[in-house]
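Below is one structure, written out as structure tokens; the observations come after it.
The values are calculated or read from the model by the stated rules, or taken from the named source; none is laboratory data. The shown structure was predicted, so the numbers you read here are calculated from the model rather than taken from an experiment. Note that each Cβ is placed from the backbone with ideal geometry, even for glycine, and that neighbours are counted across all protein chains shown. What goes into the accessible areas is simple: the full protein's heavy atoms, side chains included, and nothing from ligands, DNA or RNA. Shrake-Rupley method; radii C 1.70, N 1.55, O 1.52, S 1.80 Å.
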Amino acid sequence: MKAMQFKPGELVFEEDSPSDCAYLIEEGKFEVSKICNGRKQVIGILKAKDIFGEMGLIDGLPRSATVTALEESEVSVITDECFHNLERTNPEALVPLLRVLSARIRDSYKLSNTKSASL
């Protein structure tokens, strides 16, 4: 995996851009946001040891959100090739990634249930 550094305010990727890798945060913080009804909505803040961009490695679809560095940050880049190599040679190494996905799916269900209850 290669390392990348980001400065505060630097864009990592935008919503709807092509997905070709994921990022493991080594240090720093990142904002995850989406445009809803023409307005920016912050979905979350990610910090060291968090992963983002992982959905594109699995489904190949465009990015579902925009990610921007909030402070001096460093990430390790997980390429498609690296991901599929792990899938073949060491599938147990993918368990943390699956846990992240599962947690995010659960959180989205909680969020959608909260919105439904308030309608």
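Residues in the range 1-35 that are surrounded by 13 or more Cβ atoms within 10 Å (Cβ to Cβ) and small (Gly, Ala, Ser): 17, 19, 22, 28, 33. Taking the range 91-106 as the range and being open to solvent by 60 Å² or more (accessible area, probe 1.4 Å) and either more than 19 Å from residue 45 (Cα to Cα) or within 14 Å of the chain's Cα centre (by Cα) (or both) as the test, the residues that pass are 91, 92, 96, 98, 99, 104, 105.
Given the criteria in contact with a strand residue (DSSP E or B) (Cβ under 6 Å, 6 or more places away or on another chain) and modelled with pLDDT of 95 or more, does residue 69 qualify? Yes, satisfied.
When the residues of the range 36-85 are filtered to those that are β-branched (Val, Ile, Thr) and without any contact (Cβ under 8 Å) to a residue 24 or more places away in the chain, the one that is surrounded by the fewest Cβ atoms within 10 Å (Cβ to Cβ) is 42.
The set of residues in the range 5-50 being of a type in the set (Lys, Arg) and either assigned to a loop (DSSP other than H, G, I, E, B) or within 22 Å of residue 81 (Cβ to Cβ) (or both) consists of 7, 29, 47, 49.
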